[in-house]
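We did not get these values from a lab; they are worked out from the coordinates using the rules stated. Since the model is a prediction, treat every value here as computed from it, not as a measurement. Positions of Cβ are generated from backbone atoms using ideal geometry, with glycine treated the same way; all protein chains shown enter the neighbour counts.
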């Protein structure tokens with residue numbers, strides 16, 4: 001069964017450094033998302049992406065964040081200058097073509113630790 | 001603001017019993033709801049969904065009930081198994097994004 005994959009599984013970085021989190025969505029999906037989950041809290045929406053542009057973003061997704069689909073398979077989340085409070089699990093998700101775009105499939109997540 | 005919340009943070013059941021996990025939502029305009037299961041160290045896994053034009057939907061060992069009058073959603077798991085132990089989230093679709101509730105941790109005792 002196709003799955004969303006994410007790399008790395010765990011990323012440790014120093015405050016102020018840039019990080020890039022990588023995702024490979026399910027191959028025939030057209031909608032892509034990033035969510036984050038601070039330890040012990042609920043999953044929070046960051047951004048959605050469709051047709052090579054951001055379709056929606058949350059207040060969390062400020063100028064320090066950016067997303068990109070550099071090729072036909074990868075979907076990345078970049079944090080330019082990490083802060084301690086960026087420490088969280090980051091989940092990528094994807095949805096099938098319209099008609100079933102409601103069903104979002106999540107990857108296993110990348111645990112980001114900012115020290 | 002609009003939110004989706006869960007009634008209980010933890011639920012402990014005996015193996016073989018039925019489990020009921022509840023969720024309240026506040027946006028009366030919401031028309032699509034999903035239940036996700038999250039095991040330790042993994043991403044949310046889709047369990048079952050329901051649209052607002054339905055009040056019940058059944059899957060394999062799971063049933064979701066929607067009461068729009070009181071804005072309440074529940075997930076019923078029949079014959080709960082140790083493998084069902086996880087955190088369960090309800091989520092509401094707003095536009096293209098999912099708004100998740102706080103989560104209920106289900107613990108199954110053998």
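Observations on the structure shown:
- Partner chain coverage, peptide B:87-96 - average Cβ within 10 angstrom: 3
- Across peptide A:38-45, the mean count of Cβ atoms from other chains lying within 10 Å of each residue's own Cβ comes to 5.
- Bins of 5 Å from zero: percent of alpha-carbon pairs in the protein assembly as shown: 1, 7, 15, 18, 19, 16, 12, 7, 4, 1, 0
- Region A:7-81 and region B:16-33: distance between their alpha carbon centers, rounded to Å: 28
- For the peptide B:24-30, the mean number of other protein chain Cβ atoms found within 10 angstrom of a residue's Cβ is 0.
- Antiparallel DSSP beta bridges within the protein assembly as shown, as percent of all bridges there, nearest 5: 90
- For region B:2-110, the C-alpha radius of gyration sits at 1.00 times the compact-globule guess of 2.2 N^0.38 Å, with N the residue count.
- Our summary of shape: the Cα atoms of chain A have principal axis extents of 41, 28, 27 Å, ordered from largest down, in whole angstrom.
- Working ranking of peptides B:74-84, A:82-92 by packing, defined as the average number of other Cβ atoms within 10 Å per residue, highest first, is A:82-92, B:74-84.
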